[in-house]
Amino acid sequence: MERLTSHRDFVTVLKRRRKVSDHDIVVHYLVRDDSHSCAQLGAISTPNAQSAETDGHTDSTGSTLGTPSHRRLGLAVSKSVGHAVTRNKVKRRFRVLARNHEQLLPDHCDIVMRAKPSAAHAPFESLDRQVERLFASVGARVAQGK
């Protein structure tokens, strides 16, 4: 799972207002359409993406750079969660959990995981169950066309 890095990508996902939430986590999601996602959503996140599309170069995973053939994760952990050490711990946990449950998400999906303040004190097992439920819910909603 790659990272959402640009402000434009975060804003695009958050503007769609599609989300699922649980006690400690809110997951905003956007499924990108292959035919026009790069132009419409600004999904090109690498400086070499345009040349990679024309030259056919691939990245380390074997997918063509600049094409939205993968899932991307963005994290939003505000200062209300805690000090920098606490926020970084929450982000590390979210990255591990997202990698563990990535297969539940649809392809070509952008996810922004937002931590609620209670996430700082939640046990890892609880966060694991929540992420599994939320990602499964995203997959089910996308399958239904919502």
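The values are calculated or read from the model by the stated rules, or taken from the named source; none is laboratory data. Just so you know, these numbers come straight off a predicted model, no measurement behind them. Note that each Cβ is placed from the backbone with ideal geometry, even for glycine, and that neighbours are counted across all protein chains shown.
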Answer yes or no as to whether THR5 is over 14 Å from MET113 (Cβ atoms), modelled with pLDDT of 85 or more and polar (S, T, N, Q). yes
Those residues of the stretch 97-126 which are among the small types (Gly, Ala, Ser) and within 13 Å of LEU73 (Cα to Cα) amount to ALA98
Unmet criterion (only one of (1) of a type in the set (S, T, N, Q); (2) over 14 Å from the mean Cα position of the chain (by Cα); (3) farther than 19 Å from VAL31 by Cβ) for ASN100: (2)
Given the structure, is ASP59 modelled with pLDDT of 95 or more, over 12 Å from the mean Cα position of the chain (by Cα), acidic (Asp, Glu) and surrounded by 13 or more Cβ atoms within 10 Å (Cβ to Cβ)? no
Hey, any hits in the stretch 92-99 for a residue that's in contact (Cβ under 8 Å) with a residue 12 or more places away in the chain, among the small types (Gly, Ala, Ser) and surrounded by 19 or more Cβ atoms within 10 Å (Cβ to Cβ)? yes
In the stretch 98-146, which residues are closer than 20 Å to ARG16 by Cα and in a helix (DSSP H, G or I)? LEU134, PHE135, ALA136, SER137, VAL138, GLY139, ALA140, ARG141, VAL142, ALA143, GLN144
